[in-house]
Structures are given as C-alpha cells and as structure tokens.
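The values are calculated or read from the model by the stated rules, or taken from the named source; none is laboratory data. All values derive from a computational prediction rather than experimental measurement. Virtual Cβ from ideal backbone geometry, glycine too; neighbours counted across all protein chains shown. Areas reflect the complete protein model, heavy atoms only, side chains present, ligands, DNA and RNA absent. Shrake-Rupley method; radii C 1.70, N 1.55, O 1.52, S 1.80 Å.
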Amino acid sequence: MKIAVDGPAGAGKSTISKEVAKKLGIIYIDTGAMYRAIGLAAVRHGIDTADAEGVKSILGEVEVSISHEGGVQQIFLNGENVSEEIRLPEISVAASNVATIPEVRLKLVELQRRLAASCDVIMDGRDIGTYVLPDAELKIFLTASVEERAKRRLRELLEKGVDTDFESVRADMEYRDKNDSGREFAPLKAAEDSIILDNTSLTAEESAEEICRLAHDRGEVAQK
Ligand code: DC
C-alpha cells in the first residue's frame, strides 16, 4: 500500500505519518527533508535561495540520500548526516524557495518514486498525491488553522533549543504557505481524490488512528 500525505507546514504530517508507519508496519518517507537538504547545500555555498540560476549551478554536485535507523529516517547530503541541521528555521524558508525550481523537484521526485517502488510506504510532502504518487491507494490532505500550526511548530523549535518566537514562526509559515501553493510546478494542493483531514482540534494520536482506519478500509476495498 502507498499512502500519500500532503498539507501545509505544521499540519502535523511528519508526527502523524511516523505514527501511522509504526502502527501499519510500513516505511515513512519525509520528502520535505530532501528539499531541506538542497536548501542547506545552497545556504552553505552562500547562494541566495531565491536565485534559481545560482541554485541550479550547484545541483550537479549535490547528492541527497536517506536511510532508516530504528524506523527513523536519516537524511544525507553528499554522505554527511544533516538530519538535525535541516530543521533550523532559515533552512525551512530555503527549502520552500528551492522547491519552486523545477530542476530541483525533478531530481528529488525521481528519488522519491524509486524509494516508493521498493516497499509499502507512507510518504509526506506537498505534491505526493497530485504528482509523485498519483496512484497511491490512500491520499490524505492534512490541514489545521494557521494559529494552531504556528503554535505546534513553535513548541517543536523551542524543545530543540532554537531561539524564536510565535510571530516569526507564524510569518515564516505564511510565507511558505504562499510560496508552496503559488508555485507553478507541482504546487501544494489537495488531490481531487484525497480525503481532507482538518486536525485543528485533534491530537496526533487521533489523526493517526483515523488514517489507519481509512487505510484498513481501502485495503479491504482493494482485496475485493
Ligand atoms: O515538510 P517540510 O516543512 O519539511 O518541507 C520544507 C519545504 O519543502 C516546504 O516549505 C515546501 C517544500 N516541499 C515541497 O515543495 N514538496 C514536498 N513534497 C515536500 C516539501
């Protein structure tokens, strides 16, 4: 089974998808981490991530790969584990910027499809149901109010010791929402055949249970 989970930043995609993967015994693939790795590479090269030509000029020397350790995805940039560093707020914005560049997307989509071809997965991102895995058996569009999403992301960042505040987290989030939904190539949008799950007032556990229930239903349909 392939499960696609899309939605805006802070909707809880990764927490919930990880939980679903554990419950169903399938692999969780976080595609945002891949865009973050390329954003990080550009920042390290001193490239303005809004400069598409600059970002494209380093793509040939950027290799992104993943592995799973104890069920947790690790992300590598040219062999270096950058799983921690990519979570910094400036890398969120860099990722959103490089993700508007078609050449970046095509490079990563190829990797994402290859990974999904080899096993049962739950994959999260912005274009999984619409572009990466259009044949996924179950497509979820996960969303929540911008206040709730900013609150969740702030909590996460503070727990990691990042020095930030609600207003800057919310501003970054609104910038990314606009950038991710407004780009031309594979923008963030709900697939026509997706199920929209607004989890503003649900816990991560409740959302994960709902997705597992839907997955079991789809599984039965597929077997008939
Ligand atoms: O899911 P995330 O916040 O880690 O993603 C970081 C950025 O990467 C996000 O703002 C948009 C981009 N992204 C994308 O364009 N397509 C995906 N499938 C995943 C992420």
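Evaluate the following for Ile47: is it away from the ligand (no atom under 15 Å from the Cβ), of a type in the set (A, V, I, L, M, F, W, C) and in a loop (DSSP other than H, G, I, E, B)? For Ile47, the condition - away from the ligand (no atom under 15 Å from the Cβ), of a type in the set (A, V, I, L, M, F, W, C) and in a loop (DSSP other than H, G, I, E, B) - is met. On the stretch given as region 5-44, residues that are within 16 Å of Pro89 (Cα to Cα) and away from the ligand (no atom under 16 Å from the Cβ) total 1. The condition of being part of a strand (DSSP E or B) and open to solvent by less than 30 Å² (accessible area, probe 1.4 Å) holds for only one of Ile91, Ile38, Ile16, Ile3, that being Ile3.
Of all the residues in region 77-88, those that are within 16 Å of the ligand (Cβ to nearest atom) and either part of a strand (DSSP E or B) or loosely packed, with under 14 Cβ neighbours inside 10 Å (or both) number 2.
Scanning region 100-142 for residues that are open to solvent by less than 10 Å² (accessible area, probe 1.4 Å), of a type in the set (Gly, Ala, Ser) and part of a helix (DSSP H, G or I) yields Ala116, Gly129.
Filtering region 174-215 to residues that are open to solvent by less than 50 Å² (accessible area, probe 1.4 Å), within 11 Å of the ligand (Cβ to nearest atom) and assigned to a loop (DSSP other than H, G, I, E, B) leaves Arg183, Ala186, Pro187, Leu188.
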